[in-house]
Amino acid sequence: MSAGHSIHFDLDGAWPRDTLPAAIYADARALGPHVRYSSTREAMAEFQAFVARHPAHFTLLGSGDFHHLASALLLRHEQPFTLVSFDNHPDWDIRPPRWCCGTWMNRALERPQLEHVSIWGCGNFELNWPSSLFANHRALRAGRMEVWPWAERLPARTRRKWRTITREGWRDDFAAFAAKMTGRRVYITVDLDSLCEAEAATNWENGLFTAADVAWAVRLLRRTATLIGGDVCGAYSEPVYARFKQRIEARLDHPKRPPFDFAIAQEVNLAALRTIWPALAGGDEPDAGGDEPDADPRLQRGALL
C-alpha cells in the first residue's frame, strides 16, 4: 500500500473530525486509553499495526500524552534521516516506562536509520540537575542528539552546561542549523506544548515559541532539506487511562494546572494548527489564515474554568 499525503489519527477527540478535510480520518479512540502517556508492548504493537494499515507522510495526533507514538511513525522510513523536534520537553528520560511520552526519543534512537536528533524549544526541569542525570548522555556524547533550550527558562548554572537560544536570537541559530541540513532527509515532529500559553492549550507545561515561529522554521527546513514526513501532537484532551499503574504514574508526572474549557482550548489549538500545518504538510489543509494570530487572553493560566 502506498503512503497517502496526510492522516488524522483520532485517539482522544482532541480535534474535530473534520479538522483536516483532505486527510484520511482514522478512528483510534478505542486504543487511545491503552497508549495514553505510557503503553504496554502489546498496545504499541497494536498501534504499529494500525499505522501500517494507514500509511501517510504527515500525521495529526491528539494530546502530547501520545507523543511516543511518533516512534511508530518513524518505522516507515528505511533510509538515513534526521529528526527535528519542537518540544518544551526533551523526552529523553532513560528510566521506565519503556514506551512513554517522556522516554520515546530513546526508542527512536534505537533505529540505525535515525542519524541525528535536534530538539528545539525545551524549557522545563529536565535540563536541570538532578533531573538531567536521567538524560540519554550516550546519545549526547556521541553527537546523535542535541538540544536547544531557552536561556530565559533556565537558571544560570544550567545555562552554562547547555548551548541555549533566546527569544531575540533563536532564528539566527536555527538558520545556521537549517543550512547544515542542506540535502539531508528530515522528519519533523511538533508538540504544541512548545508554544506559549497564549497560543496553545495542552496537558503539559508550555514553551516560548509562537505558532508563526514554528511555521517559519518548518518552511526554512523545507527549503534546505528533503522533508520526508512529520507529525503534530500536543492538543488538550481530558485524560482517560486503561490501567491503574498508568493512571497513577501519569497523574504524578503531569503538571498541576487549572482545568480548561474544552471548547475554548480546541478553538485556540485549531488557530495554531492553521498556522503550522500548511507549513509542515505543504499547503492546503487547513487554511493558514494569514497573519500571525494575536494572543488569546482566555488562555492565560487559571482563566479557563
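Hey, does region 49-60 have a residue that's among the aliphatic types (A, V, I, L, M), under 14 Å from the mean Cα position of the chain (by Cα) and either open to solvent by less than 10 Å² (accessible area, probe 1.4 Å) or at pLDDT below 95 (or both)?
yes
Which residues, taken from region 195-226, are touching a helix residue (DSSP H, G or I) at 6+ places or on another chain (Cβ under 6 Å), open to solvent by 20 Å² or more (accessible area, probe 1.4 Å) and of a type in the set (Ser, Thr, Tyr)?
If the condition is that a residue be touching a helix residue (DSSP H, G or I) at 6+ places or on another chain (Cβ under 6 Å), open to solvent by 20 Å² or more (accessible area, probe 1.4 Å) and of a type in the set (Ser, Thr, Tyr), then Thr224 is the only one that fits.
Go through region 95-118 and give me each residue that's within 19 Å of Pro33 (Cβ to Cβ) and part of a strand (DSSP E or B).
Once the filter is applied, which keeps residues that are within 19 Å of Pro33 (Cβ to Cβ) and part of a strand (DSSP E or B), region 95-118 yields Trp99, Cys100.
For residues that are without any contact (Cβ under 8 Å) to a residue 60 or more places away in the chain, surrounded by fewer than 17 Cβ atoms within 10 Å (Cβ to Cβ) and either among the hydroxyl-bearing types (Ser, Thr, Tyr) or touching a Lys or Arg at 6+ places or on another chain (Cβ under 9 Å) (or both), tally how many sit in region 1-24. Full working, then the answer.
Our first condition is that a residue be without any contact (Cβ under 8 Å) to a residue 60 or more places away in the chain; within region 1-24, this holds for 1-2, 4, 7-8, 10-11, 17-18, 24.
Okay, now just the ones that are also surrounded by fewer than 17 Cβ atoms within 10 Å (Cβ to Cβ), so 1-2, 4, 17-18, 24.
Pick out the ones that are also either among the hydroxyl-bearing types (Ser, Thr, Tyr) or touching a Lys or Arg at 6+ places or on another chain (Cβ under 9 Å) (or both) and you get 1-2.
Within region 1-24, residues that are without any contact (Cβ under 8 Å) to a residue 60 or more places away in the chain, surrounded by fewer than 17 Cβ atoms within 10 Å (Cβ to Cβ) and either among the hydroxyl-bearing types (Ser, Thr, Tyr) or touching a Lys or Arg at 6+ places or on another chain (Cβ under 9 Å) (or both) number 2.
Which residue is farthest from His89 (Cα to Cα), if the candidates are limited to region 186-240 and must be in a loop (DSSP other than H, G, I, E, B) and aliphatic (A, V, I, L, M)?
Selected residue: Ala225.
What tally of residues in region 214-269 results from selecting those that are in contact with a His (Cβ under 8 Å, 6 or more places away or on another chain), farther than 16 Å from Leu192 by Cα and small (Gly, Ala, Ser)?
Result for region 214-269: 2.
Could you please let me know if Arg171 is more than 26 Å from Arg219 (Cα to Cα) and not polar (S, T, N, Q)? Steps first, please.
Numbers: more than 26 Å from Arg219 (Cα to Cα): no; not polar (S, T, N, Q): yes.
In short, no.
Quick one: in region 71-95, which of the residues that are out of contact with any Phe, Trp or Tyr (no Cβ under 9 Å at 6 or more places or on another chain) and under 20 Å from Leu140 (Cβ atoms) is surrounded by the fewest Cβ atoms within 10 Å (Cβ to Cβ)?
Ranking the qualifying residues of region 71-95, first place goes to Pro80.
Taking region 6-47 only, how many residues are of a type in the set (A, V, I, L, M, F, W, C) and in a helix (DSSP H, G or I)? Please lay out each step first, then the result.
Start the filter on region 6-47 by keeping residues that are of a type in the set (A, V, I, L, M, F, W, C), which leaves 7, 9, 11, 14-15, 20, 22-24, 26, 28, 30-31, 35, 43-45, 47.
From what is left, the residues that are in a helix (DSSP H, G or I) are 35, 43-45, 47.
Count: 5.
Run down Pro255, Pro259 and say which single residue is modelled with pLDDT of 80 or more, outside any helix (DSSP H, G or I), farther than 15 Å from Leu60 by Cβ and open to solvent by 60 Å² or more (accessible area, probe 1.4 Å).
On the way: Pro255 fails: open to solvent by 60 Å² or more (accessible area, probe 1.4 Å).
Matching residue, one of Pro255, Pro259: Pro259.
Test His68 against the criterion of being under 13 Å from the mean Cα position of the chain (by Cα), closer than 23 Å to Ile7 by Cα and buried (at least 21 other Cβ atoms within 10 Å of the Cβ), and give yes or no. Break it down into steps so the answer makes sense when it comes.
On the way: under 13 Å from the mean Cα position of the chain (by Cα): yes; closer than 23 Å to Ile7 by Cα: yes; buried (at least 21 other Cβ atoms within 10 Å of the Cβ): yes.
It is true that His68 is under 13 Å from the mean Cα position of the chain (by Cα), closer than 23 Å to Ile7 by Cα and buried (at least 21 other Cβ atoms within 10 Å of the Cβ).
Given the conditions (1) open to solvent by less than 10 Å² (accessible area, probe 1.4 Å); (2) farther than 19 Å from Ile228 by Cα; (3) aromatic (Phe, Trp, Tyr); (4) in contact (Cβ under 8 Å) with a residue 60 or more places away in the chain, and given that Tyr37 satisfies all but one, which numbered condition is not satisfied?
Against the list (1) open to solvent by less than 10 Å² (accessible area, probe 1.4 Å); (2) farther than 19 Å from Ile228 by Cα; (3) aromatic (Phe, Trp, Tyr); (4) in contact (Cβ under 8 Å) with a residue 60 or more places away in the chain, Tyr37 comes up short only on (1).
Restricting attention to region 48-69, which residues are within 21 Å of Ala272 (Cβ to Cβ) and in a loop (DSSP other than H, G, I, E, B)?
Passing the criteria: Leu61, Gly62, Ser63.
Keeping to region 168-177, report how many residues are surrounded by 15 or more Cβ atoms within 10 Å (Cβ to Cβ) and either in contact (Cβ under 8 Å) with a residue 60 or more places away in the chain or assigned to a loop (DSSP other than H, G, I, E, B) (or both).
The total comes to 0.
Do you know which of the residues in region 124-167 that are at pLDDT below 95 and hydroxyl-bearing (Ser, Thr, Tyr) is surrounded by the fewest Cβ atoms within 10 Å (Cβ to Cβ)?
Applying the filter and picking the extreme gives Ser131.
Do we find that Gly183 is exposed (fewer than 15 other Cβ atoms within 10 Å of the Cβ), assigned to a loop (DSSP other than H, G, I, E, B) and not polar (S, T, N, Q) in this structure?
Working: exposed (fewer than 15 other Cβ atoms within 10 Å of the Cβ): yes; assigned to a loop (DSSP other than H, G, I, E, B): yes; not polar (S, T, N, Q): yes.
Judged against the criteria, Gly183 is a match.
The values are calculated or read from the model by the stated rules, or taken from the named source; none is laboratory data. Remember, it's a predicted structure, so these values are computed and weren't measured experimentally. Note: ideal-geometry Cβ built from the backbone for every residue, glycine included; neighbour counts use all protein chains shown. Heads up: the accessible areas ignore ligands, DNA and RNA and are worked out on the full protein's heavy atoms, side chains in. Shrake-Rupley method; radii C 1.70, N 1.55, O 1.52, S 1.80 Å.
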